[in-house]
Amino acid sequence: MSARLKQVFCIFMTALMAFAMLSELAPLKSDASALDAGLADSSDYEGILLDEADKATKKTTKKKTPKTTTYENPEGAELTYRAYIHGKGWDNEFTEQGKVCGKPGKGLGIEALEIGVKSDIEGSVCCRSYLAGKGWTDQAKNFETCGDTKAKKPMQRIKIYLAGDILVRYRVFYRVCLDTTGWLGWCCDGWVTGNEDYDRAIEAIQVVLVERSGGDVKMTDINGVVSKTGSYYKSAAKIKNYMIRKAQKYTSKTKYLVMVDSQYCFLGIFKGKKNHWELIKFWICAPGIYKTYWNRDHEIGVKSKGFFSYNCQVYWAVRLHKELWIHSITYKGHNGKQVLDGRLGGRYSHGCIRLATENAKWLYDNIPSYSRCICYKKKFL
């Protein structure tokens, strides 16, 4: 082969090999691009090209504005409150429900509070506070002073709850602003709010009355709290009428019959006999969380003026079945008078049925043993 031919042949073979190599590299390049894309979508790739990613996000992602709710005044009730502030004395005027009362961020603690509700419905708003170095105060009702205007001791914890028929229609929500801490989250119906670990004075408070609805108000819905359109109170007539109709088919060994609505959390007491039962008491209650007792037929047995169980004290108890009782709300400590959990209107108890303490005492005093108690759960609203 001539030198010229050999040179052409070498050039041809070199070109052929180069073409083959490029053909093999092409899919590799494609695979590498796919891998890069996959990494860009993975959480392990978040730190790469952060500036570029931020720029892209700002261009393509719209900032979501959180939805807020507007507080609506509930019908049929007016709640107001005022504070006794350290070094300032009483507020000149009462604060309307939902508005801030106090001096948040000023280092001036609230030493006493007056809170009340005006309504055609019987009942009151109750308040207890924990004062620095003194402990819990006695219960104050409708516009009574909660706290101490002379001790110069700021409130550190507080709980607010409703009593009487008014709690059938409403719930009370509240939150506090603590010294050096700021605003805490919303709580309701007798839950303690404040700070138990450090000495933090309550500087301001917000309280809102909310109409009960077919479902509980969610804490995340609260921005001054929204009032729901439907209410258990407005539907109480339906709940009561259903209970009356249902009661007529039952007999009892005494002239009394007790009915417990485990769905809507009401307890009714009847007097008479089968097909002629007359409803004489209709109370909001707190059935237990266990389904076992939601649909049961019981008979009232032994009675107890009080006992300590599940780390809480209860009073005016009547026994239905083994560990199932109807009794008062719970109190802290043996023979304690400090309310531990005063919530009603939901399934808050372990298994027993809670009533307001005065209602539990009435049942204890007036309903004889061997009276029948029917617990049922039916959703119809």
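The values are calculated or read from the model by the stated rules, or taken from the named source; none is laboratory data. It should be emphasised that the depicted structure is a prediction, and the values quoted were computed from it without experimental measurement. Counting neighbours? That spans all protein chains shown, and the Cβs are built from the backbone with ideal geometry, glycine included.
A few remarks follow.
- When Ala204 is tested against the conditions (1) touching a strand residue (DSSP E or B) at 6+ places or on another chain (Cβ under 7 Å); (2) farther than 30 Å from Lys134 by Cβ; (3) modelled with pLDDT of 85 or more, the lone failure is (2).
- Where Glu75 falls short, out of the listed (1) in contact (Cβ under 8 Å) with a residue 40 or more places away in the chain; (2) more than 22 Å from the chain's Cα centre (by Cα); (3) assigned to a loop (DSSP other than H, G, I, E, B): (2)
Yes or no, residue by residue, for (1) in contact with a Leu (Cβ under 6 Å, 6 or more places away or on another chain); (2) outside the structural domain of Cys188 (by TED's automatic domain parsing); (3) not in a loop (DSSP other than H, G, I, E, B):
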{"residue": "Asn92", "(1), (2), (3)": "no, no, no"}
{"residue": "Gly105", "(1), (2), (3)": "no, no, no"}
{"residue": "Gly116", "(1), (2), (3)": "no, no, yes"}
{"residue": "Ile121", "(1), (2), (3)": "no, no, no"}
{"residue": "Ser129", "(1), (2), (3)": "no, no, yes"}
{"residue": "Cys146", "(1), (2), (3)": "yes, no, yes"}
{"residue": "Gln156", "(1), (2), (3)": "no, no, yes"}
{"residue": "Tyr161", "(1), (2), (3)": "no, no, yes"}
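- Qualifying residues in the stretch 277-290 (those that are touching a residue at least 12 places away in the same chain (Cβ under 8 Å) and more than 23 Å from the chain's Cα centre (by Cα)) - the one nearest to Leu167 (Cα to Cα): Phe282
- Within the stretch 121-179, considering residues that are at pLDDT 90 or above and of a type in the set (Val, Ile, Thr), the one nearest to Arg343 (Cα to Cα): Ile160
- Meets criteria (at pLDDT 85 or above, crowded, with 17+ Cβ neighbours inside 10 Å and of a type in the set (Gly, Ala, Ser)) for Ala236: no
- Subset of the stretch 131-144 [among the aliphatic types (A, V, I, L, M) and either under 24 Å from the mean Cα position of the chain (by Cα) or in a strand (DSSP E or B) (or both)]: Leu131, Ala140
- Scanning the stretch 348-369 for residues that are surrounded by 20 or more Cβ atoms within 10 Å (Cβ to Cβ) and of a type in the set (D, E, K, R) gives a single hit, Arg354.
- Among residues of the stretch 337-360 being charged (D, E, K, R) and within 23 Å of Lys322 (Cβ to Cβ), the one that is modelled with the highest pLDDT is Arg354.
- Within the stretch 323-344, at least one residue is among the β-branched types (Val, Ile, Thr) and in contact with a Gly (Cβ under 6 Å, 6 or more places away or on another chain).
- Condition met for Tyr81 (hydroxyl-bearing (Ser, Thr, Tyr), in contact with a Lys or Arg (Cβ under 6 Å, 6 or more places away or on another chain) and either modelled with pLDDT of 90 or more or part of a loop (DSSP other than H, G, I, E, B) (or both)): no
- Scanning the stretch 296-314 for residues that are under 26 Å from the mean Cα position of the chain (by Cα), of a type in the set (S, T, N, Q) and surrounded by 14 or more Cβ atoms within 10 Å (Cβ to Cβ) returns Ser309, Gln313.
- Flag for Val168 being in a strand (DSSP E or B), crowded, with 19+ Cβ neighbours inside 10 Å and in contact with a strand residue (DSSP E or B) (Cβ under 7 Å, 6 or more places away or on another chain): no
- Of all residues making up the stretch 291-314, the number that are within 29 Å of Lys246 (Cβ to Cβ), among the hydroxyl-bearing types (Ser, Thr, Tyr) and without any contact (Cβ under 8 Å) to a residue 60 or more places away in the chain: 2
- Test: residue in the stretch 315-328 that is under 25 Å from the mean Cα position of the chain (by Cα), crowded, with 17+ Cβ neighbours inside 10 Å, within 26 Å of Ala140 (Cα to Cα) and free of Cβ contacts under 8 Å to residues at least 40 places away in the same chain: yes
- Scanning the stretch 252-297 for residues that are part of a loop (DSSP other than H, G, I, E, B), more than 19 Å from Lys377 (Cβ to Cβ) and among the hydroxyl-bearing types (Ser, Thr, Tyr) yields Ser252, Thr254.
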